[in-house]
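Here's the structure we're looking at; comments come further down.
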Amino acid sequence: MTNTTSDSPHIPVLLRPILAHLAPITGVWLDGTLGAGGYARALLDAGADQVIGLDRDPLALQMAESWAAPYGDRLRLVAGNFAQLDAHAGGLVDGVVLDLGVSSMQLDQAERGFSFAKDGPLDMRMSQSGLSARDLVNDAEEETLADILYHFGEERASRRIARAIVRERQDAPIETTLRLSSIVSGCLPRPKPGQSHPATRSFQALRIAVNAEFDALVAGLEAAERALKPGGKLAVVSFHSMEDRVVKRFLTARAGQGGRANRYAPEAPAEVPRFRLIEKRGVSADDEELAQNPRARSARLRMAERLDGPAEPVDHQILGLPRLILNKPR
Ligand SMILES: C[S@@+](CC[C@H](N)C(=O)[O-])C[C@H]1O[C@@H](n2cnc3c(N)ncnc32)[C@H](O)[C@@H]1O
């Protein structure tokens, strides 16, 4: 039985600016990353008629049973991936919020295998199904592992770490988070005070690969475009610069401002606008929020209003996706 307790409750990030910039909150909203329900509850309390709360982690939905009752049928809980959020919504919506990444509960539960600081099985699957980090770490070719660490974790020692993983797994399969964390740490200099744990980038990279997070993000943005009514609002919170770059480039292109596949490519012709950007440069946490929740430090919020341009698949070349994903067959 999975432990549903958590060391620290999940504190919703950048919620105040979302509610302030997207007011009035009315009609049907889809929260594609329900987690502990911080956004869903706030949207309902702010005036949404209904919230569709979607999460790919069955535990998030199970935990919602402890707080959902007072909202009755104003809250509809759905298990699924936001990559198909339009299908899960089942009709047009007035707003979509996505708060990317993992929740504090997922990180805190050692048995989910997300944390390099807590010993647990090497799992990292948000949906608790499919290939796990254990499968990847023990079965992938050395070159594939190195590419994952480099492209999804921006880990410069990717080749050294991949070589150490392959060497170690020949002795015995790598089954636990702490064993992997110590293999990675052994390849890197000891961190200076204030620097992050040496395994941070490798764990992020493996989590992104296990959960195909960039595939889901691009599909989710396209699905949000299909699901939103003209005038509907989109808010996306990302936690690292690679994710934020994709969200920013998607919205900039969809706001009709062209975009380039790379710095040498010609500017793409302006598109029919599908979105109007709200707070063009994005929003970060202010000092007050940072004092209450240091986890908000790396969060960035991008928002836009849906216009009436037709929804269409986006050119993936202009999104600045990690190169690894572009090599995958679609
Ligand atoms: C940062 S938490 C969201 C926290 C939430 N906003 C709150 O205030 O409690 C991210 C959640 O999104 C879920 N998630 C991540 N990627 C997903 C995807 N592609 N589809 C559905 N859920 C996803 C995770 O399982 C996790 O529960």
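Quick notes
- Qualifying lysines (Cα of each under 30 Å from Cα of Lys192; at least 8 residues distant if same chain): Lys118
- Taking the chain as a Gaussian network of alpha-carbon nodes connected by springs under 10 Å, the highest mean-square fluctuation of the residues Glu141, Glu288, Glu279 belongs to Glu288.
- Magnitude of the charge dipole, the range 1-158, Cβ model with Lys/Arg +1 and Asp/Glu -1, debye to 20: 600 debye
- Those lysines that a straight Cα-Cα span of less than 24 Å connects to Lys248, excepting residues fewer than 8 apart in one chain: Lys229, Lys233, Lys280, Lys328
- Lys, Arg +1 and Asp, Glu -1 on Cβ, resulting dipole of the range 112-210 about Cα centre, debye, nearest 20: 460 debye
- A Gaussian network model of the chain, with springs between Cα atoms under 10 Å, assigns the largest mean-square fluctuation among Pro198, Pro17, Pro310 to Pro310.
- For the chain, the share of accessible area belonging to carbon and sulfur comes to 51 percent (1.4 Å probe, ligands and nucleic acids excluded).
- Cα-based radius of gyration of the chain once divided by 2.2 N^0.38 Å, which approximates compact folds: 1.00
- Beta bridges from DSSP with both residues in the chain: antiparallel share about 40 percent, rounded to the nearest 5.
- The relative contact order of the chain, computed from alpha carbon pairs under 8 Å that lie at least 6 residues apart in sequence, is 17 percent.
- Heavy-atom accessible surface of the chain, averaged per residue, reaches 47 Å², computed with a 1.4 Å probe.
- Placing unit charges on each Cβ (+1 for Lys and Arg, -1 for Asp and Glu) gives the chain a dipole about its Cα centre, and among Leu228, Gly38, Tyr150 the Cα reaching farthest toward its positive end belongs to Tyr150.
- Simple point charges give the picture: +1 on the Cβ of Lys and Arg, -1 on the Cβ of Asp and Glu, and for the chain a dipole about the Cα centre of about 940 debye.
The values are calculated or read from the model by the stated rules, or taken from the named source; none is laboratory data. Since the model is a prediction, treat every value here as computed from it, not as a measurement. Neighbour counts run over all protein chains shown; Cβ positions are idealised from the backbone, glycine included. Accessible surface areas use protein heavy atoms only, side chains included; no ligands, DNA or RNA. Shrake-Rupley method; radii C 1.70, N 1.55, O 1.52, S 1.80 Å.
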